[in-house]
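To start, the structure under review is shown below, and the notes come after it.
The values are calculated or read from the model by the stated rules, or taken from the named source; none is laboratory data. Small disclaimer: the values here were computed from a predicted structure and weren't measured. All Cβ positions, glycine included, derive from the backbone under ideal geometry; neighbour counts span all protein chains shown.
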Amino acid sequence: MTAVGVDRRPARRSPTAEPVRGRRWVLLLLSGLLAGVALLNAMVGAVSIEPSAVVAILADRVGLRLDVAYTDQQAAVLWAIRLPRIALAAVVGAALALCGAVMQGIFRNPLAEPGIIGVSSGAALGAVVAILAGGSFTGGYLAALSIPLAAFVGALVATAAVYLTARHEGRTEVVTLVLCGIAVSAIAGAGVGMAQFLADDEELRSIVFWALGSASGARWADLLVILPLVVGGSVTAVRLAATLNLLVLGEREARYLGVATERVRVILIVVCALVTGAAVAVAGIVGFVGLVVPHLVRLLFGPDHELLLPASTLAGASLLLLADLVARTLAAPAELPLGVVTALVGGPFFFWLLRRTRRDQGAWG
């Protein structure tokens, strides 16, 4: 017997409950993948370290003693060499993938990536100028950071040049930004070529090695330099994820929905310039991460930027850690440039992406 006035219908679920729960599971899955790849990087190398020893060494650093034996050599290698490299590769991969996702949203094009506004080429020019100068324009502690600082400044100058050139009557158009980015990249590329022509053998080796990307020689100091920029930029981008969803609908539609499109675009471009410039400054030019990762995440989990941005960040960190593991173990004891490994993966993917885009959207006239 049913009591009078009692509603036996099932309670309605909030329409956002399922998407939020789904996002949490995706992010947990990608976080687990990142932790597993980081542990694998910590274990594998010229000095092998068991997983239990990795945990014991880390626990000992925080004052917790575990009953696991490990050698002083393993502790020194893990803390002084592998952990800084793991942290740096993860932060750089996360930064590039995040900026790739943002750029693809701004330009409404899955072929966009951070270098499209001249950030990478500007950073390259700044770095080679610092290499040719030999760091003589800095002193003390800054001497060790002369190349990253010069690369970061170069990235900002290139981005500012692109934006100021493309801006007309208080507005910027996507096509004009792309064309200005191509022009600035060409000019910076010519500057890098001239620097290679003028460099001696030692400087040329440094320029080539830096231009191909590498996480070798990573230091905790490098991480402390870029981490605030990457974290701050990532938080800003994620907070604008819902607005970016509206911007993807089209500039006119977003404006009708109350989005200040020009202000949002400027904020996101500045964020991408800061974050990408910081990443390139410490690891050199690592291509295709910002192109491949966001597109794969979009294919797997959908186009919602509230999930796409954090998921791309985690996936980018995992991908670059895997690439760095391949770079330092495939030809051991020699080490492959990190940018070469990512290009070997990203190049074929880019061809596939071009064919898929042309098939879905028709021929390009």
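Here are some notes:
- Members of the stretch 161-179 that are touching a residue at least 24 places away in the same chain (Cβ under 8 Å) and either in a loop (DSSP other than H, G, I, E, B) or of a type outside the set (Lys, Arg) (or both): ALA161, VAL162, TYR163, GLY170, THR172, VAL174, LEU177, VAL178
- Residues that are of a type in the set (Val, Ile, Thr) and assigned to a helix (DSSP H, G or I) were ranked within the stretch 279-316; the one that is farthest from ASP222 (Cα to Cα) is VAL297.
- In the stretch 165-181, the residues that are under 13 Å from GLU262 (Cα atoms) and out of contact with any Phe, Trp or Tyr (no Cβ under 8 Å at 6 or more places or on another chain): ALA166, ARG167, HIS168, GLU169, GLY170, ARG171, GLU173
- GLY302 meets each of the listed conditions (1) modelled with pLDDT under 85; (2) farther than 21 Å from LEU177 by Cβ apart from (1).
- Applying the criterion of being at pLDDT 90 or above and basic (Lys, Arg) to the residues of the stretch 35-85, the residue that is farthest from the chain's Cα centre (by Cα) is ARG82.
- Members of the stretch 288-332 that are on the phi > 0 side of the Ramachandran plot and touching a Gly at 6+ places or on another chain (Cβ under 6 Å): PHE288
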